[in-house]
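Here the structure is laid out as structure tokens; the discussion comes afterwards.
The values are calculated or read from the model by the stated rules, or taken from the named source; none is laboratory data. Keep in mind that this is a model prediction, so the values were computed, not measured. Please note: Cβ atoms are built from the backbone with ideal geometry, for glycine as well, and neighbour counts cover all protein chains shown. With ligands, DNA and RNA removed, areas are computed over all heavy atoms of the protein, side chains included. Shrake-Rupley method; radii C 1.70, N 1.55, O 1.52, S 1.80 Å.
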Amino acid sequence: MGDRSPDMPYRQGKPARSAPTNGKPRSGTAIAARGRDPRHFAALDLGTNNCRLLIARPQGNGFAVVDAFSRIVRLGEGLASSGRLSDAAIDRTIAALKICAEKLKRRNVTLSRAVATEACRRASNGAEFIARAYAETGILLDVITAEEEARLAVLGCHALIEPGEDPALVFDIGGGSTELVLVDTRGPAPKVLDWHSAPWGVVSLTESAGYGDGAAGRAAAYAQMRAVVADSMAAFATRLPRGIAVPRLLGTSGTVTTLASVHLGLSHYDRAQVDGVIVPASAMRRISADLAAMDLRQRAQLPCIGTERADLVVAGCAILETIMDLWPAERLGIADRGIREGILRRLMGNGA
């Protein structure tokens, strides 16, 4: 960190998805079990907003990505008001899972794990959806706790935390919840000191707060989002250590990667440029304020946001700004990696 200016983005080094491969693979949910020598591993993360798959094989001290899939499915759409996963959301998600199942079969995956998070934890018909997904796709989703979700995210992205001796804060802004993890990075593997799951993500917060009309209405809606999120994180805020000389902050989510893309002025999303970049916190606040002031049409016209993220990105900005209030770092680390990489690390035999 040293003499680096907080006003300029920089990269710590060539980013790479890492997963040490010493030891034997641990047991997991085997979606396909073919072949004598396990070589291809897969991790599927079904969130409230996205369905993401990563297929990889061990390579050196890490792994090489063989195939990947990501689709916005909005599984949790309408969940805040109904308490249930809607038929339309389930159909969209099943369609995405069928594509994942075909990829797993085609790549001859030998060991994999598929997890589901907040939407399935909350929904009254979550178990019915899990059963239908298995019947129609062969993928058995494991509904994990918020704590395991947080730990997997840290395991997958901690390599991108800036060097330092004091505790660092890692966060994952999801569709239905936001996980915050305070970690000690002085050992060979990150040690979780404390964690918190706030019941607000980009989908749930957007549906709860709604949209404001006109500049004043948008400002009021954004302020309300900030207040709701701050209240949900208040207890955790009181437990955070004080007097940290140089707070370190790392975020993994569509929100932070999207805002980093805007900050970098990219014409389209490019993981190679975004994953591992360190950006000024002040720039993230400025972009958040600008986006919150725009109407839906204006946000949709911005590169790297578009129509798919235009309606949800403001809620992500509100959550991000609240986190930066809690942990006032000058810089923010950006990770386009998390739960899937954490799962792969465990499957390949090295994970906490």
TODO: Select from region 78-102 the residues that are buried (at least 20 other Cβ atoms within 10 Å of the Cβ) and of a type in the set (Asp, Glu) and list them in ascending order.
DONE: none
TODO: Using the structure shown, decide if Val229 is open to solvent by less than 60 Å² (accessible area, probe 1.4 Å), in contact (Cβ under 8 Å) with a residue 60 or more places away in the chain, part of a helix (DSSP H, G or I) and closer than 26 Å to Arg52 by Cβ.
DONE: yes
Task: Enumerated helices (runs of 4 or more DSSP H) restricted to region 260-333, each holding at least 1 residues that are free of Cβ contacts under 8 Å to residues at least 60 places away in the same chain - done: 271-274, 281-293, 296-300, 306-310
TODO: Please work out which residue is nearest to Gly251 (Cα to Cα), limiting yourself to region 183-219 and to residues that are open to solvent by 40 Å² or more (accessible area, probe 1.4 Å) and among the charged types (D, E, K, R).
DONE: Lys191
TODO: Sort through Leu320, Leu326 and tell me the only one that's among the aliphatic types (A, V, I, L, M), open to solvent by less than 10 Å² (accessible area, probe 1.4 Å) and within 22 Å of Leu193 (Cβ to Cβ).
DONE: Leu320
TODO: Tally the residues that are open to solvent by 40 Å² or more (accessible area, probe 1.4 Å) and at pLDDT below 95, restricting the search to region 41-67.
DONE: 5
Open item on the list: Quick check on region 135-144. Is at least one of its residues crowded, with 19+ Cβ neighbours inside 10 Å, among the hydrophobic types (A, V, I, L, M, F, W, C) and under 17 Å from Gly338 (Cβ atoms)?
Closed with: yes
Open item on the list: Here is a check on your reading of the model: is Asp184 touching a Leu at 6+ places or on another chain (Cβ under 9 Å) and without any contact (Cβ under 8 Å) to a residue 24 or more places away in the chain?
Closed with: yes
- [ ] State yes or no: is Arg337 basic (Lys, Arg), closer than 17 Å to Ser253 by Cα and at pLDDT below 95?
- [x] yes
Task: Which listed residue, of Ala245, Ala220, is in a helix (DSSP H, G or I) and either closer than 28 Å to Ser82 by Cα or not hydroxyl-bearing (Ser, Thr, Tyr) (or both) - done: Ala220
TODO: Could you tell me whether region 145-162 includes any residue that is assigned to a helix (DSSP H, G or I), over 21 Å from Asp336 (Cα atoms), of a type outside the set (D, E, K, R) and modelled with pLDDT of 95 or more?
DONE: no
- [ ] Answer yes or no: is there a residue in region 110-123 that is farther than 25 Å from Pro199 by Cβ, in a loop (DSSP other than H, G, I, E, B) and modelled with pLDDT under 95.
- [x] yes
